[in-house]
1. Within segment 18-88, considering only helices (runs of 4 or more DSSP H) that don't extend past its boundaries, which have at least 3 residues that are under 10 Å from the mean Cα position of the chain (by Cα)?
2. What do you reckon, is Ile13 touching a helix residue (DSSP H, G or I) at 6+ places or on another chain (Cβ under 7 Å) and without any contact (Cβ under 8 Å) to a residue 12 or more places away in the chain?
3. Note down all Cβ pairs under 6 Å where the first residue falls in segment 31-47 and is free of Cβ contacts under 8 Å to residues at least 60 places away in the same chain and more than 11 Å from His69 (Cα to Cα), the second is assigned to a helix (DSSP H, G or I) and open to solvent by 40 Å² or more (accessible area, probe 1.4 Å), and they're at least six residues apart or on different chains.
4. When you go through (1) crowded, with 20+ Cβ neighbours inside 10 Å; (2) in contact with a His (Cβ under 9 Å, 6 or more places away or on another chain) one by one for Leu89, which number turns out not to apply?
5. Of the conditions (1) of a type in the set (A, V, I, L, M, F, W, C); (2) closer than 21 Å to Arg10 by Cβ; (3) surrounded by 14 or more Cβ atoms within 10 Å (Cβ to Cβ), Cys54 clears all except one; give me its number.
6. Considering only segment 59-70, I want to know if a residue exists there that is of a type in the set (Gly, Ala, Ser), modelled with pLDDT under 95 and under 19 Å from Arg14 (Cα atoms).
7. Considering only residues of segment 60-80 that are in contact with a helix residue (DSSP H, G or I) (Cβ under 8 Å, 6 or more places away or on another chain) and free of Cβ contacts under 8 Å to residues at least 24 places away in the same chain, which is least open to solvent (accessible area, probe 1.4 Å)?
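The values are calculated or read from the model by the stated rules, or taken from the named source; none is laboratory data. Because the structure is predicted, anything quoted here is derived from the model rather than measured. Here Cβ is always computed from backbone atoms with ideal geometry, including for glycine, and neighbour counts include all displayed protein chains. Ligands, DNA and RNA are excluded from the accessible area calculation, which covers all protein heavy atoms including side chains. Shrake-Rupley method; radii C 1.70, N 1.55, O 1.52, S 1.80 Å.
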Amino acid sequence: MLNVARAESRFWIRAGAIFGEVAELAAAGRDTERPAQSALETLRRHVITVAQHCPRLSADLVVDEVTPHLPTDTTPDQNAALIWWSALLIWAVTTA
């Protein structure tokens, strides 16, 4: 999963390739509905930019950076999964 997160952070593969796995990490369940691809792409660009400018984000700051960029119809399970996903992308950017 970490290798895939690294590939996503470099735009080698489409955003959200590990969404099912991060939904499990977030205790939301692998069957959590995947957000629209456009939402994932937008969030990926934002999170990568944030990680490049502020590589040491606390958990609270990750939440603060992710939440405003989610579609209004995002479910709590999707929100939790997207926060985990964003954290993995941040890790991938800052450990490259």
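1. Details: elements: 19-25, 37-53, 59-66.
It comes to 37-53.
2. Details: touching a helix residue (DSSP H, G or I) at 6+ places or on another chain (Cβ under 7 Å): yes; without any contact (Cβ under 8 Å) to a residue 12 or more places away in the chain: yes.
Here the answer is yes, as Ile13 does meet what is asked.
3. What qualifies is Thr32/Asp77.
4. Going through (1) crowded, with 20+ Cβ neighbours inside 10 Å; (2) in contact with a His (Cβ under 9 Å, 6 or more places away or on another chain) one by one, Leu89 breaks only (2).
5. Condition not satisfied by Cys54: (3).
6. No, segment 59-70 has no match at all.
7. In this case the residue turns out to be Val66.
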